[in-house]
Amino acid sequence: MQVDLYVAPHYSGANNNISYWNVMSIIISTVQAALAPVLDVSILGAIQALLGMTFCVALLVLFKPLLLGIARAMVLVVKPRLSKEQRLARRQMKDAMIVKRMLQTMDGSASSQAADLRALGR
C-alpha cells in the first residue's frame with residue numbers, strides 16, 4: 001500500500017495537524033496540476049532547441065559578409081549615392097553659405113576683414 005507523505009499524518013493519531021496537512025496537500029496538488037504543462041519539457045527537446053539555435057547562429061556568422069552586402073545594396077536601392085559632381089557642388093554650396101554667413105556677421109565690426117573675405121569668395 002502506498003501512502004501519500006503529505007496526508008500520512010492524517011492517519012496517525014495527531015488530530016491537531018490534520019487541517020494543516022490537508023491544506024498543504026491540496027495546495028501542492030493544485031500547483032503541480034497547474035505547472036504540469038509548463039514543466040513538461042524533455043531533455044531531448046531542450047537539446048534539440050539548443051542545437052537549432054546554435055546552427056542558426058553558425059549560419060549567421062558564416063554568411064555575415066554576404067548578409068551585410070545585401071543590406072548595403074538594399075540601402076543603396078532606397079537612397080542612391082550622389083555622383084562626384086553632385087557631391088562637389090554640394091560642398092561648394094556649403095562653403096559659399098559659410099563665407100556669406102561670416103560676411104554678414106563681420107559687416108559692421110571689421111570692414112577690412114569682410115572685404116578680404118569678399119575677395120576670396122570671387
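The values are calculated or read from the model by the stated rules, or taken from the named source; none is laboratory data. Note that the structure is predicted; figures quoted are calculated from it, not measured. With ideal geometry, Cβ positions are generated from the backbone for all residues, glycine too; neighbour counts draw on all protein chains shown. Surface accessibility is based on the protein's heavy atoms, side chains included, excluding ligands, DNA and RNA. Shrake-Rupley method; radii C 1.70, N 1.55, O 1.52, S 1.80 Å.
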Handout entry: Accessible area (Å², 1.4 Å probe, nearest 10) - residue 43
Key = 130
Fill in the blank from the handout: For region 27-35, in residue order, the Karplus 3J(HN,Hα) values (coefficients 6.51, -1.76, 1.60; θ = phi - 60°; whole Hz; Gly and Pro = x) are 5, 5, 5, 5, 5, 5, 5, 6, 8
Exercise for the section: Calculate, in nm to one decimal, what residue 87 and residue 119 gain on full extension: separation in residues at 0.36 nm each, minus their alpha carbon distance. Expected result: 9.0 nm
Handout entry: Cross-link partners of residue 94 among lysines (Cα-Cα below 30 Å; sequence separation of 8 or more within a chain)
Key = 79, 84
Problem - residue 27 versus residue 53: modelled label distance in nm, points set 7 Å from Cα along the beta carbon direction - result: 3.3
Problem - Net +/- balance of residues flanking residue 93 in space, Cβ distance below 14 Å, scoring K and R +1, D and E -1 - result: +4
